[in-house]
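Report on the following structure.
The values are calculated or read from the model by the stated rules, or taken from the named source; none is laboratory data. Worth saying up front: this structure is predicted, and the values here are computed from it rather than measured. Note: ideal-geometry Cβ built from the backbone for every residue, glycine included; neighbour counts use all protein chains shown. Heads up: the accessible areas ignore ligands, DNA and RNA and are worked out on the full protein's heavy atoms, side chains in. Shrake-Rupley method; radii C 1.70, N 1.55, O 1.52, S 1.80 Å.
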Amino acid sequence: MPAIKRYWEDVKEGEALPEVRVEGLTRTDFVRYAGASGDFNPIHQDPAFAKAAGMGDVFAHGMLSMGFVAQSVTDWLGVGTVQKIGVRFAGLVRLGDVVTCHGKIVAKHHGKEDGRGQGVVDLELWAENQKGEKVITGTATAALLSREH
């Protein structure tokens, strides 16, 4: 059973998620993510390779950036609530970047009747770098327990 952070009755359409801020990304962060994910593409770790590919320098895996956005949802609503998440990679996350994740509830409705008393929220999500440039845009759907069940 997930740790309940918010109940369906506690959230409102238009409500903003608290920002999640990730500061000062390092090459070590990129290498650790490569190890965790098994994605050892040298464009994320080897500056010479990244420069030769025309990228200037290494940059974060897109899925690492997506993970920050997903974390913003689970930090607020609770682990185990996200049913679906989809993102578009809008920009690169570079060494030293500060990534700030944002989101808001765009719809609130009842889910399929499964006897667990769940309500569903649809969210709009995005992340920006320190320049205010969007690096991720996306949506998520989360199921929240009702206080009535």
task = Just one of (1) in contact with an Asp or Glu (Cβ under 9 Å, 6 or more places away or on another chain); (2) at pLDDT 95 or above; (3) loosely packed, with under 15 Cβ neighbours inside 10 Å trips up residue 94, so point out which.
result = (3)
key: Residue among 12, 5 that alone is in contact with a strand residue (DSSP E or B) (Cβ under 8 Å, 6 or more places away or on another chain), within 30 Å of residue 118 (Cα to Cα) and open to solvent by 40 Å² or more (accessible area, probe 1.4 Å)   = 12
request  = Could you check, for the range 69-81, whether at least one of its residues is among the hydrophobic types (A, V, I, L, M, F, W, C), touching a helix residue (DSSP H, G or I) at 6+ places or on another chain (Cβ under 8 Å) and open to solvent by less than 60 Å² (accessible area, probe 1.4 Å)?
outcome  = no
message = Among the residues that make up the range 82-97, is at least one of them polar (S, T, N, Q) and under 14 Å from the mean Cα position of the chain (by Cα)?
response = yes
key: Test: residue 135 is buried (at least 18 other Cβ atoms within 10 Å of the Cβ), closer than 30 Å to residue 45 by Cα, within 13 Å of the chain's Cα centre (by Cα) and touching a residue at least 12 places away in the same chain (Cβ under 8 Å)   = yes
remark   = Within the range 28-68, of all residues that are more than 21 Å from the chain's Cα centre (by Cα) and acidic (Asp, Glu), the one most open to solvent (accessible area, probe 1.4 Å) is 46
key: strands (runs of 3 or more DSSP E) lying entirely in the range 1-119 (those with 2 or more residues that are touching a Gly at 6+ places or on another chain (Cβ under 9 Å) and within 19 Å of residue 145 (Cα to Cα))   = 82-89, 99-110
note = For the range 1-56 the number of residues that are of a type in the set (D, E, K, R), in contact (Cβ under 8 Å) with a residue 60 or more places away in the chain and within 21 Å of residue 97 (Cβ to Cβ) is 4
